[in-house]
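Read through the structure below, which is laid out as structure tokens, and then see the notes.
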Amino acid sequence: MKLKRIFILSLAVPALITCGCKPKEEKEIPVLSELKDMQRLVLAEMSLNKVGTIDDANTKGIEAIINGLKVGKRIGVYSYNTYLEAYIDLSKLRDDDVKIDDSRHLVTLTLPAVETAYLGRDAEFKEEHYRVTGLRSDITPSERARLKELMCESLKEDVTSNTELRKMLIEEAQGKARSYFTILLRNWGYDSEILFRD
């Protein structure tokens, strides 16, 4: 199984990157309400590629014996992608998640835990290779449908049983979030400490 990671970070949020020029006597910046307005912030996306084959050489039992008597080869290789994303639901921010120390120009921001979601898979799978020679019959639509079903079941099992995939996606998302909010708060004139709730 091949992994391809694509990281997404939307910085096109004009309301957030405007300079917070406030009078010195005002002791807060509009960070909580502004962040809540963003709601769902997608930070990372992962594309997983699954490959499956239909090959007469891999059959077993009586079918293998019959196939061994036939002239030629019959093989089809197919693939499709499925997608996962990691995001933070900023609507879950609480009042005590933002602590401002004006004397040190420091904001301690505790973000909601990074969540992951299964986005689904490609509607069709791609034919990577197809070869039928000799007396072999063509690969039928029902055979392709069965292979697709088996690949889907296998991929779901990979995603649910492999905790490393989710951990890797969450860690990448946390890194992107730290960078994003550090820059955002620096634009407001504050150093920052970025934490995550469990």
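The values are calculated or read from the model by the stated rules, or taken from the named source; none is laboratory data. Just so it is clear, the model here is predicted, and its values are computed rather than measured. Cβ placement follows ideal geometry from the backbone for every residue including glycine, while neighbour counts extend to all protein chains displayed. Just the protein is used for accessible areas: all its heavy atoms, side chains included, with ligands, DNA and RNA removed. Shrake-Rupley method; radii C 1.70, N 1.55, O 1.52, S 1.80 Å.
How large, in percent, is the carbon and sulfur part of the accessible surface of region 88-198 at a probe radius of 1.4 Å? Numbers along the way, then the final one.
Values: 3110 of 6680 Å².
Reported share for carbon and sulfur atoms: 47 percent.
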Taking alpha-carbon centroids only, region 34-52 lies from region 84-116 a number of Å equal to 18 Å
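Given a 1.4 angstrom probe, what's the average accessible area per residue across region 98-198, in square angstrom?
With all protein chains present, region 98-198 gives 61 Å² per residue.
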Qualifying trypsin sites (Lys or Arg not before Pro) in region 129-198, DSSP loop, other Cβ atoms within 10 Å at most 14: Arg197
Calc'd 3J(HN,Hα), region 94-103, phi into Karplus 6.51 cos²θ - 1.76 cosθ + 1.60 (θ = phi - 60°), Hz, glycine/Pro = x, comes to 10, 4, 7, 7, 10, 10, 10, 10, 5, 5
